1. Any idea how far apart Leu165 and Glu46 come out in nm if each label point goes 7 Å out from Cα toward Cβ?
2. Once the Cα atoms of the range 87-165 are picked out, what are the Rg and Dmax in Å?
3. So, counting K/R as plus one and D/E as minus one, what does the shell of residues with Cβ under 15 Å around Gly135 add up to?
4. Take the chain, connect every pair of alpha-carbon atoms lying under 10 Å apart with a spring to form a Gaussian network, then pick out the residue of Ser19, Ser142, Ser122 with the largest mean-square fluctuation.
5. Within 10 Å, Cβ to Cβ, of Lys72, how many net charges do the neighbouring residues add up to if Lys/Arg are +1 and Asp/Glu are -1?
6. What number, rounded to the nearest 500 deg cm²/dmol, is the helix-based mean residue ellipticity at 222 nm of the chain, given -39500 (n - 2.57) per DSSP H run of at least four residues and division by all its residues?
7. Against the longest principal axis of the chain, how steep is helix 155-167, in degrees 0 to 90 to the nearest 10, with axes from Cα atoms?
8. Which residue fluctuates most in the GNM of the chain (Cα springs below 10 Å): Tyr64, Tyr144, Tyr155?
Amino acid sequence: MIWSKEILIGILIVLLVASAVGGFNYYKGYRYKKLDEVAYKVYLFETGKLGEDKLEDIVKGTPYEVYLLALKGEDVADRVEDEDVRKIYLEARAYRLFKEGRPEEALKLIERIGREDFNYPSAQLLKGIILEKLGRIKEARSVYVKVSAEFRNTYFGRVAYARLLAIEGL
């Protein structure tokens with residue numbers, strides 16, 4: 001016989017591996033496609049073309065579920081697993097507290113965003129604005145000086161410098 005037992009087993013193993021890899025890639029593509037569809041539905045919601053009631057069921061169990069809850073004003077920072085993303089929601093919560101007239105609580109949250117976090121400059125700028133609105137001008141000035149020096153050629157550094165000039169009357 002032309003096909004020996006070993007060759008047939010080898011062909012079978014290759015076919016099984018190829019099927020498994022193909023199946024995995026198909027499933028991965030399917031998941032990405034479904035997530036893209038959910039992202040599009042979130043976009044429709046954000047533009048007012050889809051109601052919140054319809055979106056809740058669509059985003060359930062996806063990464064967009066937390067985002068929808070945040071859009072609705074719910075506190076989601078403690079529900080997020082990714083540390084970087086959590087810091088974004090912490091800053092958003094601090095801003096919301098400030099706008100609700102609870103600046104001291106907002107400042108406590110901002111303290112949880114450290115120098116190593118990517119949103120540190122924006123959080124510090126928010127801290128300066130809150131301190132300024134509280135009338136703690138010396139502290140606000142200190143924050144603005146620090147942000148404008150450390151992040152000189154960035155948006156946040158420039159805004160901090162502008163705020164510094166404004167409080168100094170220049």
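Just so you know, all these numbers are worked out from the coordinates, no wet-lab data involved. Note that the structure is a prediction, hence the values are computed from the model and not measured. Glycine also receives a Cβ, built like all others from the backbone with ideal geometry; neighbour counts cover every protein chain displayed.
1. 3.2
2. Final numbers for Rg and Dmax: 11.5, 32 Å.
3. Neighbourhood net charge equals +3.
4. Highest fluctuation among the options: Ser19.
5. Counting the neighbours of Lys72, the net charge comes to -3.
6. Rounded to the nearest 500, the figure is -24000 deg cm²/dmol.
7. Relative to the chain, helix 155-167 is tipped by roughly 10 degrees.
8. Tyr155
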